[in-house]
1. Alpha carbon centre of the stretch B:339-374 versus the stretch C:140-171: separation in Å?
2. Multiplying the sequence separation of B:ASN211 and B:ILE59 by 0.36 nm and subtracting their Cα-Cα distance, what value in nm do you get?
3. Mind ordering C:101-109, B:243-251, C:148-156, B:397-405 by average Cβ neighbours within 10 Å, highest first?
4. The stretch A:235-270: which chymotrypsin sites (Phe, Trp or Tyr not before Pro) are DSSP loop and have at most 14 other beta-carbon atoms within 10 angstrom?
5. A 26 angstrom limit on the alpha carbon distance is what I want to check against. Which of B:LYS285/B:LYS351; A:LYS180/B:LYS113; B:LYS219/B:LYS373; A:LYS213/B:LYS173; B:LYS373/B:LYS420; C:LYS137/C:LYS157 exceed it?
6. Given Cβ point charges of +1 (Lys, Arg) and -1 (Asp, Glu) and nothing else, what value in debye, to the nearest 20, does the dipole of the stretch C:73-176 about its Cα centre take?
7. Averaged across the residues of B:243-252, what count of C-beta atoms belonging to other chains lies within 10 Å of each residue's C-beta?
8. Give me the extension gain from B:ASN306 to B:GLN74: residue separation times 0.36 nm, minus the current Cα-Cα distance, reported in nm with one decimal.
Amino acid sequence: MRDALIISVIFHIVVIMSSVVGLPMLNRDRPTGITVIPVEMVKISDVTKLKAQQKKTDLKKKKPSSRKKKPERKVEMPPPPPKLVSDMPLPDMKSKPALKKKSAKKQAVRTAANRAPRITPKSKPRRFNAGKLAALLDKREQSEPDIAEKLKDRDFGNEKVISTVDIRQQSLAIADAVNKHIYDNNCWNVPAGAKGAEGLQVTIHIRLSPDGKLIGAPKVTDSRRMDMPGQEFFRTAAESAQRAVLKCAPYDFLPKDQYDLWRDMEIVFDPEYMLKG
Amino acid sequence: MELHVRLSKFIRLSVAAMLAAMLSFVATANARIVVDINRGHADPLPIAITNLAGKESDIVSGGSVSEYGKRIAQVVKADLTRSGLFRMVDTAAFIKSGNGQVSLLNPAFNNWKAIGAQALMNGSISVEEDGRLKVEFRLWDILGAHQMTGLRYFTSPKNWRRIAHLIADAIYKRLTGESGYFDTRIVYISESGPATHKIKRLAIMDQDGYNHVFLTNGKNLVLTPRFSPTAQEITYLSYFNDNPRVYLYNIDSGKQEILGDFPGMTFAPRFSPDGNKVIMSQAYKGNSDIYVMELSTRKITRLTKNTAIDTSPSYSPDSRYITFNSDRGGSQQIYVMEANGKNIKRISFGKGRYGTPVWSPRGDLIAFTRQYKGKFYIGVMRPDGSGERLLSESYLDEGPTWSPNGRVIMFFRQQPYDRKGHGGETQLWTVDLTGYNERQIITPLEASDPAWSPLIR
Amino acid sequence: MLEKIIGVKYWVLIGTALLLSACANTGAVKNTPTEPVAAQPKQEPVVAEPAEPVVAEPMMEDTGTQASLDAAASDSLVHFAYDRYDLSADARAKLKEQADWLQAHSDVRVTVEGHCDERGTREYNLALGDRRANSVKNYLVALGVDPARIRTISYGKERPLVTGTGEAVWAQNRRGYTRVN
């Protein structure tokens, strides 16, 4: 009950904020192709593992044609897992009046799904991979077999629209792969013992060629701070981050078909956890 | 998986986080991927140190210039290795094969990268007309392919060790962001003879054990020397004339003087951070309290007045607080008070006894000796008593002293005796704040009560 | 003679070292081994005169000696519990013996040494040794010994009586010892 109340309050605030800030784009496209994705929080590593599995098994998949316009489909919404709500941003403006406490969850899910097309990358439509989803669902089967079963039965394979969630999962999988690559290859040597480790988070901006090579030097976004007097620890942290990125290049293990997602990346190195230990 | 933990926490959602996430999602729907990395390795940085290039034919006292170039490189390597933060990449064969450098000013970065070096030091050495050595070094970032720092020194050949330490300090500072501690000295108590009648002498040496000199001849029992902030004076306890009192020793002049005219034993001396005062304990009629003496006026102020044992005082680097140990609560524990003796607060609450608190030069930690269940530990805690971490453990570890950059702690360790009563040797050890990288400092005889000098200017 | 020459050389060396250190401003360690003294004493090389052959003569027994006190009062020792300075009944009985002996030898002055085992930090043990020595002194004074005759000194853990590991060893080292001056 309390959770519901909190969630409801949050959404009210969000909706009000949204209207104040103004999100005209939301009105532009009518929601098409509502794809319901079970947004059970999947461990990033699961996604990554999944990807590995797929490579072996999932080669026959045909590239779906990229029809932009899709007839609206009504999809019965499976009861969303409670956690799901928080992961679903942006209620539709239109639904604002309807937003009530009790319907908050459902509303959120639907609206979030509604806006999915908007964030479809402009470049090329992304393939929706039902097999992958199914595999993900397989994992859930143990805990919630019926939901998984239901979803499996649905013909997602014909969906051509990439959902937010899908992109997020792909992005997270890429982020996870980079994270793992840098860790496993021992690329980041954390500057030890620096005082005030809290402020030593370093963001490195990298650009990659399609074959995963670095284009230009890795850039510290706050590079001015590196040369400031009294910021020696930051400079050390920043240089350790740059070295890590350089040492771990090339990043040729990233999925080629998702180049748009990883051509430009930010890598945030935060030594706090290491230095606190 | 860190990221997952983050996300699921995120899902538990606070209003603010949620709002922020949503709005930013709108704004950056097509934004680039952000990879969060908070796990790394704490491995030593692979660095290549090449011999400083010099002519075989130029001879100065003590050998050829080329020979000095090798010696200096050796000492730089030894310093950096001992810090535990660097790993030496073997260079000898590599340089010989010609892979290493096109020229001193143009290292073959890719070749160095191929053998795993992430930093490179090279340089040259030559002799000036006046007989001084000219020593140059450059530090290169191999992966980034650029020079990070470079310095030039002139000195007489007999100072070559100091030059090596200065170079090591410069490299350490450039690569870690904090000051080095290699151009420093240790004053300590050299011990010899049977444990029941130990001969103890004041001795001083470089931080790496070289340039060792005895300052006293061992006739009198001496204990607990400590450096002044200028490293020019030492305060210590001597049993001269069977009268244990705190003395001051001037390293330049060799002059010694007793500090104050106390009726009781004075002991546990330590300089204030500005060097103008010495804080110490006096034991009088069975009670030990803390006093401070203004060195210029010799004015003495009593800071604690208590029937308990109050001793081992140490100032915070800003001079505003003093930490000490006391058994006023029933057993030996660590306390912090204001420099005027007010507002005494106990900060150690773990099991066992806590003693010899020493404030770090950075101010963020207090090092101490802890006794618990028959073992002794060196540990650190924050000045409010939180965040206690034990760094070393043995039969008897005692007496921590901080490197001037607050990263390394030196202490002494006594081995247990065997059944026949043999053994019990004491030696100096260092451990860094991570608790790893424990190393023994080699001394000519047994050693105890080390005190680390500040950086020598 | 040889010793004298060595002695002279030694002083010349020190003098030179001092001179050198006065000019040098880097690196060189500028120290000479000396002992702390309030005012630098002029040390002179001691040249031993050829000793006369010693002739032993019987004499009256000197009863004011350490050996005498040791014999009269359990080796002039009392022992303490770990981190304690209070006197056990046993210790008080031994101190009664010491006090009696001191009353009988009223011209003798003593120094009470306070000692600790090695299971404590050095500075804390110096303070604890001082407590123990004063514990002994106070009890002797309570038994009628003139306080002016008793000096105290703490050796902390610097002078163990026996070496070894374990409570039996440590217990022997936690002691007060009355030394005849």
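No lab work stands behind these numbers, since they all come straight from the coordinates. Source: prediction; values computed, not measured. Heads up, the Cβs are rebuilt from the backbone with ideal geometry, glycines too, and the neighbour counts pull from every protein chain shown.
1. 28 Å
2. Working: separation 152, 0.36 × 152 = 54.72 nm, distance 2.32 nm.
Stretched out fully, the B:ASN211 to B:ILE59 stretch lengthens by 52.4 nm.
3. On the way: C:101-109: 15.7, B:243-251: 21.8, C:148-156: 20.2, B:397-405: 24.2.
Packing proxy ranking, top to bottom: B:397-405, B:243-251, C:148-156, C:101-109.
4. Working: sites: A:TYR251, A:PHE253, A:TYR259, A:TRP262, A:PHE269; in loops: A:TYR251, A:PHE253.
Within the stretch A:235-270, the qualifying chymotrypsin sites (Phe, Trp or Tyr not before Pro) (loop, at most 14 other Cβ atoms within 10 Å) are A:PHE253.
5. Working: B:LYS285/B:LYS351 30 Å; A:LYS180/B:LYS113 22 Å; B:LYS219/B:LYS373 36 Å; A:LYS213/B:LYS173 32 Å; B:LYS373/B:LYS420 23 Å; C:LYS137/C:LYS157 19 Å.
Table pairs above 26 Å Cα-Cα are B:LYS285/B:LYS351; B:LYS219/B:LYS373; A:LYS213/B:LYS173.
6. With Lys and Arg at +1 and Asp and Glu at -1, about 140 debye.
7. Numbers: counts 2, 8, 2, 0, 4, 1, 3, 2, 4, 5.
Taking the mean over all residues of the peptide, I get 3.
8. Details: separation 232, 0.36 × 232 = 83.52 nm, distance 5.34 nm.
So the chain would gain 78.2 nm between B:ASN306 and B:GLN74.
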